[in-house]
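For reference, the structure is listed below as structure tokens.
Please treat every number below as a calculation from the coordinates, not as lab data. Computed from a predicted model, the values in this text were never measured in an experiment. Backbone-built Cβ (ideal geometry, glycine too); neighbour counts: all protein chains shown.
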Amino acid sequence: MGEWRGNLRVRLTVVFSLVFALAGGSVLAGTLILVDNSMEYSLNVAYEEKYAALPPEEQAVAGEHIGQSFASKQTIMDSMQSNLLFKGGLTLLAMWLVATAAGWFVTGRLLRPLSMITATAHRIAGRTLHKRIDLDAPPGEVKSLADSFDSMLDRLDEAFAGQGRFIANAAHELKTPIALNRTLVEVAMSRPDSPPQVRQLGENLLAVNQRHERLIDALLTLARAEDAVTERRQVDVAELATIAADTTEALAGRLAVQIGRELAPAPVTGDPILLEQMIRNLIDNATRYNVEGGWVRVQTVARPRHAEIVVSNTGAVISSYEVPTLFEPFRRLTDRVGSSRGSGLGLSIVRAVAQAHRGDAVAVPRPGGGLVVRVILPRSAHPLVEPVIVAPALPEPHDAPHP
């Protein structure tokens, strides 16, 4: 009901209908008054001429019929008014229905350009700024609005493209000195006369260097994910999840974290490299931010119109209001700031890749600690039209998944 009340087409049609009803009612009332006055005048003239033409001796005899004549005139007047009111009312009602339908059709035609603008605005996201309204209409207010909207999209597209190019170029430029630093440190460590202190320092520098390399690779992945996905082919996210989980097994073993899998075939259309990186980031994040002896569970589910990737883990208790910050670049929870375990881009890349494939990623904290992250991907290249449902909390920490 609220949507109908706020619909501009409905409101314009109602206004047009009310104006027509008031105008038609006024015309009908005016017609009744004019016809009543005209008929009364005509009948009075007719009766006066009829009795005036009689001889004087007959007028006295006809006097007793005058009252009956006036009663007949009143009957004629009442019948005429009732007939005119009934037939005029039916005509007005029929014309009001036709006018309301015509108003609905006309307002729909007039508001069609606004509907096109609204539909284009709904389709546009950070990776689809190349879309334009390109309204083919004569000059006017709506045409000016559409052209202004297209100009705004041009500026936004240029700004987003410039930001992506800057991130990619900066990451590429930073890779060269970091690779050079790694080579120099490895050469210094490989010298036979290197003291233990130099070797210890070299290991620390290599660890820092490796973290910087991961950060740059994450920046490149994020910049690529925020562009439109051009390479799309059929891929099973269950297979990608298997590869990502196998890659993370070594890290999980060092951190004493168990990775469980419940992988059902879930084919989607997308970029397999980006999708694998997204799943790897999910599992890597769930493994790094865990507790000793904890677990990670990876699930893939096929729905009629979309596929789901659900990664849950044990870990520290997370408040609901802290969850949105986890998807922002370089934003981590308080106990993670300054941590060498991650760059703060893991979940940002996950959401960017999901949205580049016209899906989305959502997260919800588990009551016993840890997080449940669900990625929804459409099974075709078309965006999702059904709402994203937040994943329910999965088993408590003591219910370890089966590998």
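When each of the peptides 264-277, 83-96 is scored by how many other beta carbons lie within 10 Å of its residues on average, the order from highest to lowest is 264-277, 83-96. In order along the stretch 98-106, phi translates into HN-Hα couplings of 5, 5, 5, 4, 5, x, 4, 5, 5 Hz, rounded to whole numbers, per the Karplus curve 6.51 cos²θ - 1.76 cosθ + 1.60 with θ = phi - 60° and x for Gly and Pro. The loop-placed trypsin sites (Lys or Arg not before Pro) in the stretch 244-317, going by DSSP, that have at most 16 neighbouring Cβ atoms within 10 Å of their Cβ come out as 305.
Taking amide hydrogens as placed 1.01 Å from N in the peptide plane, the amide H of residue 260 sits under 5 Å from those of 296, 297, 298, each at least 5 positions away in sequence or on another chain. Measuring between their Cα centroids, the stretch 149-188 and the stretch 254-271 lie 30 Å from each other.
The H on the amide N of residue 306, modeled in the peptide plane, is under 5 Å from the matching H of 379, each at least 5 residues off or on a different chain. Note on the stretch 229-378: Kirkwood hydrodynamic radius from all Cα pairs is 15.3 Å, rounded to one decimal.
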